[in-house]
1. Open to solvent by less than 80 Å² (accessible area, probe 1.4 Å), modelled with pLDDT under 80, assigned to a loop (DSSP other than H, G, I, E, B) and in contact with a strand residue (DSSP E or B) (Cβ under 8 Å, 6 or more places away or on another chain) - does that describe any residue in region 155-174?
2. So residue 149 ticks every box in (1) crowded, with 16+ Cβ neighbours inside 10 Å; (2) among the hydroxyl-bearing types (Ser, Thr, Tyr); (3) under 20 Å from residue 108 (Cα atoms) but one. Which box is left unticked?
3. Anything in region 41-93 that is assigned to a strand (DSSP E or B), open to solvent by 60 Å² or more (accessible area, probe 1.4 Å) and not charged (D, E, K, R)? List them, or say none.
4. When only residues in region 75-84 that are of a type in the set (A, V, I, L, M) and modelled with pLDDT under 90 count, which is nearest to residue 25 (Cα to Cα)?
5. Give the residue that is surrounded by the fewest Cβ atoms within 10 Å (Cβ to Cβ), with candidates limited to residues of region 206-221 that are at pLDDT below 85 and part of a strand (DSSP E or B).
6. What's the total number of residues in region 119-133 that are of a type in the set (Ser, Thr, Tyr), in a strand (DSSP E or B) and crowded, with 17+ Cβ neighbours inside 10 Å?
7. Does residue 140 satisfy being under 12 Å from the mean Cα position of the chain (by Cα) and not in a strand (DSSP E or B)?
Amino acid sequence: TGATLSVLGFTTDLPTAPVGLLAGTSKVLSVVATGTPAPTYQWRKNGAPIAGAIGPSYVALAGTVEGASTYDVVITNAVGTATSAATTITTCLPAAVTTPPVARNVVAGQPTSFSVTAGGTGPFTYQRMRNGVAIAGATSATYDLAAASAAQAGLYSVKVTGPANTVTSAGAALSVLSPFVFTTQPLGALTTTSIATGLPKVLSVAVSGTGPFTYQWRKDGVAIAGATLA
């Protein structure tokens, strides 16, 4: 007597979504079938039988060039035949960061952005990170800061994920500069009545903000040679 081969006696471990593999790597595809008499198996690639692939499992090997192939298995016994759904194996070029983000120096309150270019087989997803910690919602190839603040300074990198692998870019530093302001101004207008003729007078200035600073003193709007100290 025979038992009808049916979907209830036919289970697979075949991925329903495309599988991305790097060239030279493999994926084990498997199926379990029950029936009387015992069923036979024939795996197929792009609809053509694969020589020697007649067991319940098959090791699909990614090719050496970018491209996709479909695999399925035909199961047969004296009662009937059943064919699995096809699964797609894509040979992928590894995801790579071809243009990494670059360091930025920006004045506090000014906009800036980081961008990255990915190569390899897409589609790609992105996750921006600051000091190694993921930034919520920062999931595009470009990351914009509308108004940089000192709290946002740090090392920015990005994880790029393709169908077969994930790669992390080198970090790019964001330095947020504070605009300088005079905290001590030079003395006001000096006249010959406030300075005795021939006597020296020291003028000084102090500033705050992000240094280093350079100085150039002027007289009547003209730079004074060598007068480059605070």
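The values are calculated or read from the model by the stated rules, or taken from the named source; none is laboratory data. Since the model is a prediction, treat every value here as computed from it, not as a measurement. Neighbour counts run over all protein chains shown; Cβ positions are idealised from the backbone, glycine included. Keep in mind that these areas ignore ligands, DNA and RNA; they rest on the heavy atoms of the full protein, side chains included. Shrake-Rupley method; radii C 1.70, N 1.55, O 1.52, S 1.80 Å.
1. No, every residue in region 155-174 fails to be open to solvent by less than 80 Å² (accessible area, probe 1.4 Å), modelled with pLDDT under 80, assigned to a loop (DSSP other than H, G, I, E, B) and in contact with a strand residue (DSSP E or B) (Cβ under 8 Å, 6 or more places away or on another chain).
2. All conditions are met except number (1).
3. 49, 57, 59, 61, 68, 81, 83
4. Applying the filter and picking the extreme gives 82.
5. 219
6. 1
7. Judged against the criteria, residue 140 is a match.
Quick grid of which residues meet (1) over 30 Å from residue 155 (Cα atoms); (2) within 21 Å of the chain's Cα centre (by Cα); (3) not β-branched (Val, Ile, Thr):
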| position | (1), (2), (3) |
| --- | --- |
| 81 | yes, no, no |
| 84 | yes, no, yes |
| 100 | no, yes, yes |
| 112 | no, yes, no |
| 124 | no, yes, yes |
